[in-house]
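The values are calculated or read from the model by the stated rules, or taken from the named source; none is laboratory data. This structure is a prediction, so every number in the text was calculated from the model and none was measured. Don't worry about glycine lacking a Cβ; one is built from the backbone with ideal geometry, like all the others, and counts go over all protein chains shown.
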Amino acid sequence: MKRIVSGNQALAYGALAAGVDLVAGYPGTPSTEALTEIIRFSSENENAPWVEWSTNEKVAFDVATGAAWSGKRALATMKMSGLNVALDSVMSVAYSGTTGGFVLYVADDPGAEAGMPEQDSRLCADLAGLPMLEPGNVLETYELTQKAFELSEKVGAPVLLRLVTSVSHGEAELEADFAYHLRETTPYHNRDITRYTKAGSKICVDQHADLLKRLDSCEEIYESSSWNRFEILSGAALCVVSSGVMNEYVGELLPAYSHVSSVRLTATWPVEKKRFLPLLRDHESLLILEELEPVLEKALRSQAQAEGLPVKILGKMDGTLPRTGRYGLKDIRSALAAASGTGDAGPAPASATAYRHTITFCSGCPHRGTYMALNRAIKKAGFKKKDVLVTGDIGCTILGMNGPFDSCWTEVSMGSSIGLAQGFARSGFDTPVVATIGDSTFFHAGLPPLINAVQQRADILVIILDNGWTSMTGFQVNPGTEESLQPGGRRRVSMDALIQAVGVDYFEVIKPFDQDAAVEALAGALRMKGVRVLVSREECALTRERRKSFGPGYSIDQEKCTFCKMCLRESGCTALSPVQYGEKTVMSIDPDLCRSCGLCFTCCKFGAISREG
Amino acid sequence: MLKSVFLTGVGGQGVVTIANLLSAHLQDSGYKVTLIHATGMAQRGGRVTSEIRYSDDRDRPFGPRISSGGADYIIGMDMAETVNSASFLKAGGTLVFQNYTLLPSTAVLNKESFPDAEEVKRVFAPFTGNLVEVEPSVRPVNMFVLGVFARYWPEAERLEETLSKKLTKRVEENLTAFHRGRDYRTEA
Ligand code: SF4
Ligand code: SF4
């Protein structure tokens, strides 16, 4: 069967073809659709692996480890930021190794298309001593995912499977059976505290030695596979070394160059020293094509140095290629031209002004109501907006950083808003410090800093914007999602009970579309002392829309509108835009976009806005 | 032959839909195709791009992304994003753009200027082969613009068949918009 699939989907079907027994992950662009596809598959097929969105990436990795340590095949999925969350366990498990095939899928994002640091997770393969595979296209992803499980079992180590956005989101045709190949296995776990615990320095140092042995055993496996293609031309002066998606561009451009050797890697860690040695000896220069950090470049530079070879290594460290960003054909073409002294870098691009479409909440989004209410409450409580520091957090809720709200001041990592707020509050500002965080982010990593706040008697206002879903990444279910909407009989965890159990000084649930009451509650909480938590609860407009209609929309009486723009200034709703009405400009509401939240209605002093019907 | 189509716009304009249709059409016509959408913030009014690359040589390797000066065609649904994408067009390439700009609320409030059709032409004219402006007069606009594009795209033969096969919702309406686009008069 042939289908057009993305790299993420190919990874999902590769894992299914390998008979994966358990899949756990946390959503994060650009990795999300791998697990989403397995969920979809399991909802349509009786015969499917256990698959879950876990509370956070560390939990996902731990759950997967339990399965792998039972001799089962396990897959954990996350983006690079999630790898950081899971890293504590990843390091520990790397030292212990695995019995069942264990694949850790991490997606990196060169060019930061989805925001967050331009982190290179390949360094984690070095840090944790994990074998790593980096497919460069859909077909390779499908095949190498299956191979990754075999490699993991053969070596006894978890295998890092790393994609970049261009691969995980890139789509192409795949010929496969798109089926689940269940392997009948009995769970087993031999109790062995020297392997599965860390208590005792001897245990740990021995495990370190084991880890290095496992890593060493990879080289032979790589050499006997077709994963790394060494095309060495005798007498060639230049050799181009690339990995993952860079291989595709090399394949595209290299035919135009005569007599250049090439090495295209998909098994990238550990580096195959044995096969690289003659190549380092026989070429005048090597051009290394890799996005983000000079991982391969450093390894080859150090090998050349250790062997006392004069080969010139061109890459990032000598300035041949840019140090940051995603590489395009353009970068590779000019590097090839520079390294080979032939060909040209291509025409200079046309330049143009950059216009920015500021991103904002969807129309009808409850977060719009919460930030509107916060802005109004700050005023009502007698503070100035410029004096009230608001720490934001990851997810849709961070869009409160943009106009017209201009609420959030900072964004660090999952759950960090609550800890950060405590540090700001302890620094002596005499105005309140507020943290805003979404529901999924709160469950993920918001609870420990809240516990800290209570224990340390912090003085902060935490606003949890609870829309019931993990929306930013595509509306995944989370622990707080309505029980009736939880798949497969899963349960809902009560956020309210959790927060109250922690012992916060003040707790209240508000409704973001009931502006008067929300403003009242927020203004009161701003003036209080201690740990105050307000949960602003209303379902995500887009998930709600899938199940029920919003009823008649709002509209603007063009006679009455004075074009004061207050509705737009306060709500910023995307359904509002100026139109020409006879001689004058007035505001209007796009009926296709209005989701009847009524927020704009609360802004108009001229009674121009009303609900239809 | 290796060619590239770059599509751009903002969330909600159906850029991804027409890119998927073009990709499926090329696939059905026997080309080797890659497609990548960048829709990170689409739902929230942000920039959307789709990049299609295709070759009649199915064994030919090529990377998935279009780099500057690499697009034979650009389809622009929003003029700000069209201007932002100018560097992608090959000299002598074709631009089909919709005369429409989504103004973010902050732009309305701060009176920021956003490009009009004149600016699009000023930016593209010096190096563009076919420069085609489309007035958004027929809905759904994405299918209408696709129809206009089909006139300038040699691979459009039997595109209609793909559309009838792949469209699942409001098929008649979509096909009508596509036909109106094909018949659209432009002063190219
Ligand atoms: S607040 Fe009322 S009067 Fe002012 S622009 Fe909006 S609709 Fe018009
Ligand atoms: S009621 Fe007003 S604020 Fe709410 S979605 Fe409609 S136009 Fe936007």
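Applying the condition of being within 27 Å of B:Ser68 (Cα to Cα) and within 7 Å of chain A (Cβ to nearest Cβ) to segment B:103-119 and asking which residue is surrounded by the most Cβ atoms within 10 Å (Cβ to Cβ) yields B:Pro104. Looking at B:Arg139, B:Arg122, just one residue is surrounded by fewer than 16 Cβ atoms within 10 Å (Cβ to Cβ), free of Cβ contacts under 8 Å to residues at least 60 places away in the same chain, within 16 Å of B:Gly92 (Cα to Cα) and not aromatic (Phe, Trp, Tyr), and that residue is B:Arg122.
Test A:Gly251 against the stated conditions and say whether it is small (Gly, Ala, Ser) and out of contact with any Asp or Glu (no Cβ under 9 Å at 6 or more places or on another chain). Working first, answer last.
Values: small (Gly, Ala, Ser): yes; out of contact with any Asp or Glu (no Cβ under 9 Å at 6 or more places or on another chain): yes.
Here the answer is yes, as A:Gly251 does meet what is asked.
Residue-by-condition table, conditions (1) free of Cβ contacts under 8 Å to residues at least 60 places away in the same chain; (2) under 18 Å from A:Glu171 (Cα atoms):
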position	(1), (2)
B:Val5	no, yes
B:Leu26	no, yes
B:Asp59	yes, yes
B:Arg65	yes, yes
B:Ser68	yes, no
B:Glu81	no, no
B:Gly93	yes, no
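In the set (1) more than 28 Å from A:Ser243 (Cα to Cα); (2) surrounded by fewer than 24 Cβ atoms within 10 Å (Cβ to Cβ), B:Arg60 fails one condition alone, (1). Taking the criterion of being of a type in the set (Phe, Trp, Tyr) and away from chain B (no Cβ under 14 Å), the only residue of segment A:389-416 that qualifies is A:Trp409.
Residue by residue through segment B:33-55, note down the ones that are in a strand (DSSP E or B) and within 8 Å of chain A (Cβ to nearest Cβ).
We begin by selecting, within segment B:33-55, every residue in a strand (DSSP E or B); these are B:33-38, B:47-55.
If the condition is that a residue be in a strand (DSSP E or B) and within 8 Å of chain A (Cβ to nearest Cβ), then B:Val33, B:Thr34, B:Leu35, B:Ile36, B:His37, B:Ala38, B:Arg47 are the ones that fit.
Screening A:Gly170 on (1) touching a residue at least 12 places away in the same chain (Cβ under 8 Å); (2) within 14 Å of another protein chain (Cβ to nearest Cβ); (3) under 20 Å from A:Glu57 (Cβ atoms); (4) among the small types (Gly, Ala, Ser) shows it passes everything except condition (3). Note on segment A:176-212: among residues that are under 30 Å from A:Glu140 (Cα atoms) and hydrophobic (A, V, I, L, M, F, W, C), the one that is modelled with the lowest pLDDT is A:Leu182.
Would you point out the residue of segment A:568-578, among those that are near ligand 2 (Cβ under 7 Å from one of its atoms) and of a type in the set (A, V, I, L, M, F, W, C), that is farthest from the other protein chains (Cβ to nearest Cβ)? Before you say what the answer is, go through the steps one by one.
First, the residues of segment A:568-578 that are near ligand 2 (Cβ under 7 Å from one of its atoms): A:571, A:573, A:575-576.
From the residues that got through so far, the ones that are of a type in the set (A, V, I, L, M, F, W, C) too are A:573, A:575-576.
Values: A:Cys573: 7, A:Ala575: 10, A:Leu576: 7 Å.
That would be A:Ala575.
Of everything in segment A:545-561, what is more than 15 Å from ligand 2 (Cβ to nearest atom) and either polar (S, T, N, Q) or not in a helix (DSSP H, G or I) (or both)? Give them in sequence order.
If the condition is that a residue be more than 15 Å from ligand 2 (Cβ to nearest atom) and either polar (S, T, N, Q) or not in a helix (DSSP H, G or I) (or both), then A:Lys548, A:Glu559, A:Lys560 are the ones that fit.
Given the conditions (1) surrounded by 13 or more Cβ atoms within 10 Å (Cβ to Cβ); (2) part of a loop (DSSP other than H, G, I, E, B); (3) within 7 Å of ligand 1 (Cβ to nearest atom), and given that A:Cys567 satisfies all but one, which numbered condition is not satisfied? Result: A:Cys567 passes all but (2). If you go through segment A:579-612 and keep only what is away from every other protein chain (no Cβ under 13 Å), within 10 Å of ligand 1 (Cβ to nearest atom) and in a loop (DSSP other than H, G, I, E, B), you end up with A:Cys604, A:Lys605, A:Phe606, A:Gly607, A:Ala608.
Scanning segment B:89-102 for residues that are facing chain A (nearest Cβ under 8 Å) and buried (at least 23 other Cβ atoms within 10 Å of the Cβ) returns a single hit, B:Leu89. Among the residues making up segment A:233-248, those that are farther than 19 Å from A:Lys298 by Cα and away from chain B (no Cβ under 11 Å) are A:Leu233, A:Ser234, A:Gly235, A:Ala236, A:Ala237. With respect to A:Gly136, determine if the residue is surrounded by fewer than 24 Cβ atoms within 10 Å (Cβ to Cβ), assigned to a loop (DSSP other than H, G, I, E, B) and within 14 Å of another protein chain (Cβ to nearest Cβ). Criteria not met by A:Gly136. The lone criterion from (1) within 13 Å of ligand 1 (Cβ to nearest atom); (2) closer than 21 Å to B:Asn110 by Cα left unmet by A:Asp557 is number (2). Put simply, of A:Gly488, A:Gly480, A:Gly530 the only residue that is loosely packed, with under 14 Cβ neighbours inside 10 Å and either within 26 Å of A:Ala453 (Cα to Cα) or assigned by TED's automatic domain parsing to the domain that holds A:Val462 (or both) is A:Gly488. For the residues A:Gly100, A:Gly111, the requirement of being small (Gly, Ala, Ser) and over 19 Å from the mean Cα position of the chain (by Cα) singles out A:Gly100.
Meeting the requirement of 3 or more residues that are of a type outside the set (A, V, I, L, M) and either closer than 21 Å to A:Gly415 by Cβ or not assigned by TED's automatic domain parsing to the domain that holds A:Met116 (or both), the helices (runs of 4 or more DSSP H) wholly within segment A:1-102 are A:57-68, A:80-96. Filtering A:Lys379, A:Lys316, A:Lys386, A:Lys330 for residues that are facing chain B (nearest Cβ under 8 Å) and over 26 Å from A:Gly468 (Cβ atoms) leaves a single hit, A:Lys330.
Enumerate the helices (runs of 4 or more DSSP H) found wholly within segment A:242-325, keeping only those where 3 or more residues are among the small types (Gly, Ala, Ser), at pLDDT 95 or above and touching a Ser or Thr at 6+ places or on another chain (Cβ under 9 Å).
Correct list: empty, since no element meets the threshold.
Among the β-branched types (Val, Ile, Thr) and touching a strand residue (DSSP E or B) at 6+ places or on another chain (Cβ under 7 Å): does that describe B:Val123?
No: the conditions fail for B:Val123.
In segment A:542-554, which residue that is out of contact with any helix residue (DSSP H, G or I) (no Cβ under 7 Å at 6 or more places or on another chain) and under 19 Å from A:Arg611 (Cα atoms) is farthest from ligand 1 (Cβ to nearest atom)? If we take residues in segment A:542-554 being out of contact with any helix residue (DSSP H, G or I) (no Cβ under 7 Å at 6 or more places or on another chain) and under 19 Å from A:Arg611 (Cα atoms), then A:Lys548 is farthest from ligand 1 (Cβ to nearest atom). Select from segment A:579-597 the residues that are surrounded by fewer than 17 Cβ atoms within 10 Å (Cβ to Cβ) and near ligand 2 (Cβ under 10 Å from one of its atoms) and list them in ascending order. Once the filter is applied, which keeps residues that are surrounded by fewer than 17 Cβ atoms within 10 Å (Cβ to Cβ) and near ligand 2 (Cβ under 10 Å from one of its atoms), segment A:579-597 yields A:Asp590, A:Pro591, A:Leu593.
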